[in-house]
Each structure stands twice: as structure tokens, then as C-alpha cells.
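Data block below; observations after.
The values are calculated or read from the model by the stated rules, or taken from the named source; none is laboratory data. Predicted model, so just to flag it, every value in this text is computed and none were measured. Neighbour counts are summed over all protein chains in view; Cβ atoms, including those assigned to glycine, are modelled from backbone coordinates with ideal geometry. For accessibility, only protein heavy atoms count, side chains too; no ligands or nucleic acids. Shrake-Rupley method; radii C 1.70, N 1.55, O 1.52, S 1.80 Å.
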Amino acid sequence: MTTNNKIIAFIALMAATLTASAQKKFVIKGQAPELNGKYVHLSYGTGNDNQIKDSVVVANGEFKFTGVVAGPTFGYISLGGQALSFDDVFSVVLEPTTMKMTLDRDNINKSRLIGSKENDKLKSLDEQKAPINKAMEPLRAEYQKRNEDYTKASKALKEMEQKVEAMKIDNYAFRDKFEPFQKQQDAIERDFIAKNPQSIVSAYLMRFKISGMTLAEAEKVYNSFTSDVKKSSYGKEVFDEINKMRSGSPGNPAYVFSKPDIDGKPLSLADYRGKYVLLDFWASWCVPCRQGNPHLISVYNKYKDAGFEIIGISDDDRNEAAWKKAVEQDQIQIWKHVLRGLKMENNVIDRSQDISEHYGIHTLPTKILIDPQGIIIGRYGSGGGSDADLDAKLNTVFSK
């Protein structure tokens, strides 16, 4: 051992010796004739935020605590394992001496400790404050009542929120009962469109059919329209929607957007060039979107270290609070989030900054997968594949 190490060791030994010698024994001899077989608990500090907790059983109406303190030390005695309020504890100042205590079972604050001068000072101070505490009792009672009312109201609100959420999910599931009838109507309308390419009604119906079609299906129907139908306002709407869907389909460059993220920080799709990026179009009010988040979390955790990122694009521009609450509730703050950018003022819709417009998003959820070069390589949901198809695609690209 070097000289310096010997000095350090000697200093540490002396410090430990001085610390040990500074600790002196205290004893509390207690009387509690009505608490035989019950535990009495003592807690006191030793400095550096350390806390000693001790407990003894009352036998023959007596109990005894022993320990060591460096000097007068604040502590408390209770009859429960954990004090819930000041009314449940008896505050004391322990001194390195023998002290005697009489414990009041019904009102622990009326207990007495004899033998500690500093404790006598503390109790004298308490006596001076007693009239003030007495005067505050009505306020304490009112405050407690207000807290109880608040707790009840909060519980009722939480239960109501849970009930409303369950109703929303149940109502969404109920919609499945319409599906057989909707399929029958859809078949009739598709048959009409196929047989009447010269009718303006076909173009009108197509505006509502595109969300359930692939790009190839929509193009085939549009190309069958007569020139007059294509030139009509409805025909032009169908053409525009097909172009938007095409821009958000595999093989096309992904539209590069820049938006403030959920924390107000700038976010640009261009910053993620070199990574696989999944654009998740969703909303706080979209039941299947929310139900799919646990699976999306597992996907993100599986590939995030391999060069994979998710950007959630929410249709919550008119309710940012609901957006942020949903992100927190679903624990999806692990990836990036922006709003789609749809604005409405004075009943006028402004789509100039709407990301969804550039990807042909008709239904939620829809997911767009972009490769490191910024090219779309997958579309899932509206006009695309399923979540299973997305899983298979990610497995393929990250297995190379």
C-alpha cells in the first residue's frame, strides 16, 4: 500500500471511529396497559435522509425501545405500520438518555414522554400553538369535506369516462351488423357503374367508392367513363382523387412535409432520409386506430434500432387536447407525431397544408411505408394491404 493510500485508509478509519463514538444509547420505557399484544412503532432519523424504523409488542402493559442517536433527534411514535396523518402520530425528540412514556390509545397526541428536555420544549411550543389549532378546526373540517367531495367527483368522472369509452367501442362493433346490407347495396351500385359508364350517376357514386378500391380498380372504372362523364364536375373529382391515391401508392416519391411536432419542435420528413419510415394516419376518435396501437408498439420496438421510424399523422386539428391525451394514454409518445394540417375557418375548409391530401387518404387507419431513398414501397389500409401484409413487408426489408 502506498503512503497516500495508507493516509486515506487511516482518515477513513478515524472518521468511522468518531462517528461510532458520537452515537449514544437512548431508552424509552413505555406504559400502555390497554394495548397488550399490539405493536408500537418508532421512526427517527440518523442524518443523510436515513430513517430508522423499529417496532415492539406491548407485553404486560409495557414496551421498550432502545437505539443510538448522536444527539437530540426528531422522531414519531404510532400504532399503525404507516402514519396516515399528523393525528395518527405522536411527535417526540429523542435524547441519548433514558426516557419514560405513557401512551394514550384513544388519542395518541395526548401521550406523554418524560426525560427529554428538548421534547419538553417541543411540547411547550405545541401548547402555545394549541389555541390557534383549535381555531382552525372548522377550516380543517371544511377542507377535509371539500377533499372528500373532490375525490368522489373525480372517481365518478373517471367511471363515466370509462363508461363512455366502452360505449364508443361497443357502438363501433355494432356497426358490423350493417356490413351484410352495405355489401348488398355496394354490389348493386358497382353493377350500375359498370353498366352505365355514360351516366353522371356513375361518376357521382364513384366519389364514395374510391376509399374501398385499389388504385388499379379505380383507374379501370374511370377509364371506362365516356368523355362527357369525365368532363363533368363529378368526373373531375374522381380524377383528382385517383391522382392523390396514385401519389400515395408504391413506386412514387413520398410527399415531403414539414410540421411542428406534438412538442412544438420542427419535424420534416426529409430529416429521415436513410431510414425506413412508416406514416401512420390515425385519430384519437378512431376506434380501430387505437386498438391497433399495441401491435404498432411491438413493431416499433422490434425494428427501431435497425433504422425504422414511425410518424403518426393525426386527424385531430380541431381538438389538440384529445390528440395529446390519446398519445399519452396509448403510450405511443415513443415515436414522432404531427397533425395532418386540415384547417376550417368560418365553415370554409382549407386543405392547402393537409398532408393527407398528398397521400390520397380516404379512411383511417391507413399506413404508408417509405424506403430510405424516400420512395413509397407499401400502402396498408385505404386502397392497400392489411396489417399482416405490413408485418410481412417489414420482415422482408429488415431480413436482407
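Points to keep in mind about this one:
- Cα gyration tensor of region 223-288 - equivalent ellipsoid semi-axes, whole Å, descending: 33, 16, 12
- Here, region 62-131 yields an orientationally averaged convex hull projection of 5.2 nm² when only Cα atoms define the hull.
- Counting DSSP beta bridges with both ends in the chain, the antiparallel % (nearest 5): 75 percent
- Gyration tensor (alpha-carbon) shape descriptor, region 262-349, a/c threshold 1.5: oblate
- Choice from 228, 176, 54 showing the highest fluctuation, given a GNM over the chain with Cα pairs closer than 10 Å: 54
- Folded to 0 to 90 degrees: helix 293-303 orientation relative to the chain principal axis, Cα: 90 degrees
- Trypsin sites (Lys or Arg not before Pro) within region 292-377: DSSP coil, no more than 16 neighbouring Cβ in 10 Å: 318, 351
- Rolling a 1.4 Å probe across the protein heavy atoms gives the chain an accessible surface of 62 Å² per residue.
- Two-site FRET efficiency, residue 187 against residue 271, from Cβ-Cβ distance with R₀ of 45 Å, rounded to 0.05: 0.45
- Computed over the chain, relative contact order equals 11 percent, with contacts defined as Cα pairs under 8 Å that lie 6+ residues apart.
- Convex hull volume of region 109-148 per residue (C-alpha atoms, cubic angstrom): 80 Å³
- Accessible-area order (highest first, 1.4 angstrom probe) of the listed residues 290, 105: 105, 290
- Calculated on the alpha-carbon coordinates, the convex hull of region 150-275 measures out at 207 cubic angstrom per residue.
- Exposure of residue 379 as accessible area (Å², to 10), given a probe of 1.4 Å and all protein chains: 10 Å²
- Rolling a 1.4 Å probe over the protein heavy atoms of region 227-276, with every protein chain left in place, gives an accessible area that is 50 percent carbon and sulfur.
- Computed over all pairs of different Cα atoms, the Kirkwood value for the hydrodynamic radius of the chain is 28.7 Å.
- Relative contact order %, region 251-352, counting alpha carbon pairs below 8 Å whose residues are six or more apart: 28 percent
- Residues whose placed amide H lies under 5 Å from that of residue 70, excluding near-sequence neighbours: 24
- From phi via Karplus (6.51, -1.76, 1.60), per-residue ³J(HN,Hα) for region 247-254 in Hz, x at Gly/Pro: 5, x, 10, x, x, 9, x, 6
- For region 315-355, the C-alpha radius of gyration divided by 2.2 N^0.38 Å, with N the number of residues, is 1.33.
- In degrees, nearest ten, helix 215-224 long axis to first principal axis of the chain (Cα): 30 degrees
- Filter on 244/393; 183/244; 304/400; 177/367 - keep pairs with C-alpha separation over 18 Å: 244/393; 183/244; 177/367
- Per-residue HN-Hα couplings for region 120-136 [Karplus 6.51, -1.76, 1.60; θ = phi - 60°; Hz; x = Gly/Pro]: 4, 5, 4, 5, 4, 5, 4, 5, 5, 8, 4, x, 5, 4, 4, 5, 7
- Taking every alpha-carbon pair under 8 Å whose residues sit at least 6 apart, region 150-237 reaches a relative contact order of 25 percent.
- Sum of -39500 (n - 2.57) over DSSP H runs of 4+, divided by residues of the chain (222 nm, nearest 500): -14500 deg cm²/dmol
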